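Undergrad: Handing you a structure now.
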Amino acid sequence: MTTYQSALAHAKRMLGALTIAILLVLVIDQFFGHSTIAFAIAIIGLVAANRPMLRMNCTTCGKNLFFRGIFVVPWPNKVCGKCGTDLAEASD
């Protein structure tokens with residue numbers, strides 16, 4: 001699995017985690033009323049699920065695939081913005 005494929009799989013997992021977090025908050029809100037505890041649990045779960053993102057870096061220069069300057073985006077780079085390495089190709 002290439003670095004890009006791994007990062008893309010992580011992005012898809014995060015989409016699923018976000019959906020589950022939103023549904024959790026909506027269900028708790030529907031049955032028990034507004035709850036900051038449910039919201040806090042959802043946020044903590046999303047932060048924990050997103051931890052692997054910090055290890056998804058360019059194999060050549062180490063730049064993170066999800067960072068664009070100071071911004072973090074939900075989809076990974078196919079080509080490194082710093083050194084130009086094609087991350088979708090298998091490395092030797």
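Undergrad: Quick one: what pairs do we get from segment 37-48, first residue under 17 Å from G16 (Cβ atoms), second surrounded by fewer than 15 Cβ atoms within 10 Å (Cβ to Cβ), C-beta under 8 Å, 6+ apart or different chains?
TA: Going by the 8 Å Cβ cut-off, the qualifying pairs are A42/I22; G45/I20.
Undergrad: I'd like the full set of residues that are among the β-branched types (V, I, T) and either over 22 Å from P76 (Cα atoms) or loosely packed, with under 11 Cβ neighbours inside 10 Å (or both), limited to segment 26-44.
TA: Residues of segment 26-44 among the β-branched types (V, I, T): 27-28, 36-37, 41, 43-44.
Correct list: V27, I28, T36, I37, I41, I44.
Undergrad: Let me ask you something else. Yes or no: segment 18-25 includes at least one residue that is crowded, with 16+ Cβ neighbours inside 10 Å, in a loop (DSSP other than H, G, I, E, B), among the hydrophobic types (A, V, I, L, M, F, W, C) and touching a helix residue (DSSP H, G or I) at 6+ places or on another chain (Cβ under 9 Å).
TA: Looking through segment 18-25, none of the residues is crowded, with 16+ Cβ neighbours inside 10 Å, in a loop (DSSP other than H, G, I, E, B), among the hydrophobic types (A, V, I, L, M, F, W, C) and touching a helix residue (DSSP H, G or I) at 6+ places or on another chain (Cβ under 9 Å).
Undergrad: Which one of F39, F31, F71, F67 is out of contact with any Pro (no Cβ under 7 Å at 6 or more places or on another chain), over 22 Å from M14 (Cβ atoms) and among the aromatic types (F, W, Y)?
TA: Values: F39 fails: over 22 Å from M14 (Cβ atoms); F71 fails: over 22 Å from M14 (Cβ atoms); F67 fails: over 22 Å from M14 (Cβ atoms).
Going through F39, F31, F71, F67 in turn, just one is out of contact with any Pro (no Cβ under 7 Å at 6 or more places or on another chain), over 22 Å from M14 (Cβ atoms) and among the aromatic types (F, W, Y): F31.
Undergrad: Among the residues in segment 6-14, are any surrounded by 15 or more Cβ atoms within 10 Å (Cβ to Cβ), among the hydroxyl-bearing types (S, T, Y) and touching a residue at least 60 places away in the same chain (Cβ under 8 Å)?
TA: Pass one, segment 6-14, residues surrounded by 15 or more Cβ atoms within 10 Å (Cβ to Cβ): 6-8, 10-11, 14.
When the remaining residues are screened for being among the hydroxyl-bearing types (S, T, Y), the result is 6.
Okay, now just the ones that are also touching a residue at least 60 places away in the same chain (Cβ under 8 Å), so none.
Within segment 6-14, not a single residue is surrounded by 15 or more Cβ atoms within 10 Å (Cβ to Cβ), among the hydroxyl-bearing types (S, T, Y) and touching a residue at least 60 places away in the same chain (Cβ under 8 Å).
Undergrad: Further question on the same structure: Filter segment 56-92 for residues that are touching a strand residue (DSSP E or B) at 6+ places or on another chain (Cβ under 7 Å) and in a strand (DSSP E or B) and give the result.
TA: Once the filter is applied, which keeps residues that are touching a strand residue (DSSP E or B) at 6+ places or on another chain (Cβ under 7 Å) and in a strand (DSSP E or B), segment 56-92 yields N57, N64, V79, D86.
Undergrad: Which one is surrounded by the most Cβ atoms within 10 Å (Cβ to Cβ), of the residues in segment 50-71 that are in contact (Cβ under 8 Å) with a residue 12 or more places away in the chain and among the hydrophobic types (A, V, I, L, M, F, W, C)?
TA: L65
Any read-out appearing in this document is the output of simple, stated calculations on the displayed coordinates, not a laboratory observation. Quick caveat, the model's predicted, so the values are computed rather than measured. As a convention, Cβ positions derive from the backbone with ideal geometry for all residues, glycine included, and neighbour counts pool all protein chains shown.
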